[in-house]
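The structure appears below as structure tokens.
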Amino acid sequence: MPKNKGYLQRTLEFHKNYKSKIAPIFRSYEAFRKKELAKFWFMIISGILMLCNFPLMLLLSDSILSDIACDYFVAYLILMMIFMTLGILLLFIAPKKIKNFAMKIKSDCLSKLLEVFGDIRWQNGKNIIDDWELNRSALFSNFNTRYTDDEFSGSFKGVPFKICETNLLQISGSGKSRTCIPVFKGVVIQFKSNKIIRNRTMIATKGDCTAKNSWLLLWLGLSMPLIQMLIEQPAGCLIAFVVLGLICWGGSKILYKDEERLDEVKLEDPKFCKKFNAYSSDQVEARYLLTTAFIERFQNLNTAFGAKKAKCSFYGDKIMFAISTNKNLFEVGSLFKSLEKPGAVNQFYNELVSIYSMIDYFKLDEKVGL
């Protein structure tokens, strides 16, 4: 009951804060939003029309150029190139207005929205959860490129936490042989545990790629050039395809030889087991961690973020969640929606509350540990 009471009090305070401090700012920005939206559509439509005019001018060039003096030939070509360049430029610049508008709203309003959450700070693109920590969690396959958007750090009930919206990629080769494999896109959440977890326990959506099968992603990425040549030289490429797979498999065994053995954990919730796999190097500790209440909160976390895939790792003194989604998270205002409707703000609140709820479940503020 105290938890429900605390949640209700925070929700009421949040909406009170929204009405008194945020709604007036949003109302003042509504006219600005409409102007920016009009500029956005003008740029998009103009860019498309200019690019559509280019092939039309190209088709008409023969008949037009035959009727005009040779001196105008260069001027006509320059005009065609100007149309094409302007069209590409407008289509390139227009999407930036979406991000710039969202960033302006965040800069002016986010600190006021976060007041009800206590000790929490927003920043952008700082990689507050570093690559070493991501690799240590064993939640992600090999990656060498990373883009980070919104990030939050702070503490709740004395528990440090970090939240990072990030995109991980494995890029190899160049030119026609360049391959780009998406490894993860979504939000990573890390809690500090008050107890050292001596064994690793992990859960992941069925079919998700973790460090346990990263050799498969590496194999597919390196095999892309072979797949392209498979039609012309099927026998040679097929042999190379198999040999490369064996090399990647053997390499992964060497790289991860020091990783603890993770055995599958059978849980009692059939609905959960249908969607997720659970692994652990200690079955007893795993069952202690993966309770019915945890599973419920974990699924609530997925729902709040509109997740396609989700995974979690208990390791060392950390607990990390990786929620995969293509949605643009932690948005409080959109160029395409009226700022007088609080839909985006409510979604932002639900995303943060689901994280706080998970911390609250583990009672990590209590020094007795998990």
message = Looking for something modelled with pLDDT under 70, hydrophobic (A, V, I, L, M, F, W, C), exposed (fewer than 15 other Cβ atoms within 10 Å of the Cβ) and not in a loop (DSSP other than H, G, I, E, B) - is there at least one such residue anywhere in the range 254-266?
response = yes
remark   = Taking the range 275-298 and keeping only residues that are surrounded by 14 or more Cβ atoms within 10 Å (Cβ to Cβ), under 13 Å from Glu264 (Cα atoms) and not acidic (Asp, Glu), one is left with Phe276, Asn277, Ala278, Tyr279, Ser280, Ser281, Gln283, Ala286, Arg287, Leu290
remark   = Counting only residues in the range 299-318 that are of a type in the set (A, V, I, L, M) and within 18 Å of Asp208 (Cβ to Cβ), the one surrounded by the most Cβ atoms within 10 Å (Cβ to Cβ) is identified as Ala310
message = I'm trying to understand the selection: among the residues of the range 317-349, which are within 25 Å of Val159 (Cβ to Cβ), under 17 Å from the mean Cα position of the chain (by Cα) and not β-branched (Val, Ile, Thr)?
response = Met320, Phe321, Ala322, Ser324, Leu329, Phe330, Gln347, Phe348
inquiry  = Suppose we filter the range 78-116 for residues that are over 23 Å from Glu340 (Cα atoms) and either in contact with an Asp or Glu (Cβ under 6 Å, 6 or more places away or on another chain) or hydrophobic (A, V, I, L, M, F, W, C) (or both); how many remain?
reply    = 15
query = List the pairs whose first member sits in the range 192-217 and is at pLDDT below 70, whose second member is in a strand (DSSP E or B), and whose Cβ atoms are under 6 Å apart, counting only residues at least 6 apart or on separate chains?
reply = Thr210/Ala204; Leu217/Ile181
query = Within the set of pairs 6 or more residues apart or between chains, which connect a residue that is basic (Lys, Arg) inside the range 153-166 to a residue that is in a loop (DSSP other than H, G, I, E, B) with Cβ atoms less than 7 Å apart?
reply = Lys157/Asp365; Lys162/Ile128; Lys162/Ile129
query = How do the pairs read when you match residues in the range 167-178 that are farther than 24 Å from Thr148 by Cβ with residues anywhere that are surrounded by fewer than 11 Cβ atoms within 10 Å (Cβ to Cβ) and among the basic types (Lys, Arg), using Cβ under 8 Å and keeping only pairs 6 or more apart or on different chains?
reply = none
ask   = When the residues of the range 91-138 are filtered to those that are among the aromatic types (Phe, Trp, Tyr) and either closer than 28 Å to Phe32 by Cα or surrounded by 16 or more Cβ atoms within 10 Å (Cβ to Cβ) (or both), which remaining residue is nearest to the chain's Cα centre (by Cα)?
value = Trp122
ask   = Could you say whether any residue in the range 324-345 is under 25 Å from Asn199 (Cα atoms) and either assigned to a strand (DSSP E or B) or at pLDDT below 85 (or both)?
value = yes
key: From Asn199, Asn144, Asn167, residue being surrounded by 13 or more Cβ atoms within 10 Å (Cβ to Cβ) and within 17 Å of the chain's Cα centre (by Cα)   = Asn167
Boolean, Asp269 is surrounded by fewer than 18 Cβ atoms within 10 Å (Cβ to Cβ), more than 27 Å from Lys157 (Cβ to Cβ) and modelled with pLDDT under 85 = yes
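The values are calculated or read from the model by the stated rules, or taken from the named source; none is laboratory data. Just so it is clear, the model here is predicted, and its values are computed rather than measured. We place every Cβ from the backbone using ideal geometry, glycine too, and count neighbours over all the protein chains shown.
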